[in-house]
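Below is one structure; the comments refer to it alone.
The values are calculated or read from the model by the stated rules, or taken from the named source; none is laboratory data. Every value quoted in this text rests on a predicted model; they were computed, and no experiment measured them. Please note: Cβ atoms are built from the backbone with ideal geometry, for glycine as well, and neighbour counts cover all protein chains shown.
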Amino acid sequence: MGKTPKGEVDFIVMDGNKRAYYQVAYLLADEKVVDREFGAYESVKDNYPKYVLSLDKYDFSRNGIKHLNIIDFLLADDY
């Protein structure tokens, strides 16, 4: 977990010089939840991959932050 001025990032994964950030939510049920999950990255100014994972099937990706269905993410080989 990483603290930011507007909250926290749920997971930071580091592998050597590589890094990726992950926010996890059950569902992005309304705009308040979407703003909270994507807003956690506002103060993270590097160019490492940033993801929001949820059970939603609709793609909410925005501002370079990828939204992925968590089941698809867990079954994929390339994340």
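Summary table below
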{"quantity": "Flag for residue 66 being basic (Lys, Arg), out of contact with any His (no Cβ under 8 Å at 6 or more places or on another chain), within 15 Å of residue 11 (Cα to Cα) and modelled with pLDDT of 95 or more", "calculated": "yes"}
{"quantity": "Test for residue 20: is it within 12 Å of the chain's Cα centre (by Cα), surrounded by fewer than 18 Cβ atoms within 10 Å (Cβ to Cβ) and hydrophobic (A, V, I, L, M, F, W, C)", "calculated": "yes"}
{"quantity": "Cβ pairs under 6 Å, 6+ apart, first in the stretch 9-28 and in contact (Cβ under 8 Å) with a residue 12 or more places away in the chain, second among the polar types (S, T, N, Q)", "calculated": "10/23; 25/54; 27/54; 28/54"}
{"quantity": "Considering residues of the stretch 42-59 that are at pLDDT 95 or above and among the charged types (D, E, K, R) only, the residue surrounded by the fewest Cβ atoms within 10 Å (Cβ to Cβ)", "calculated": "57"}
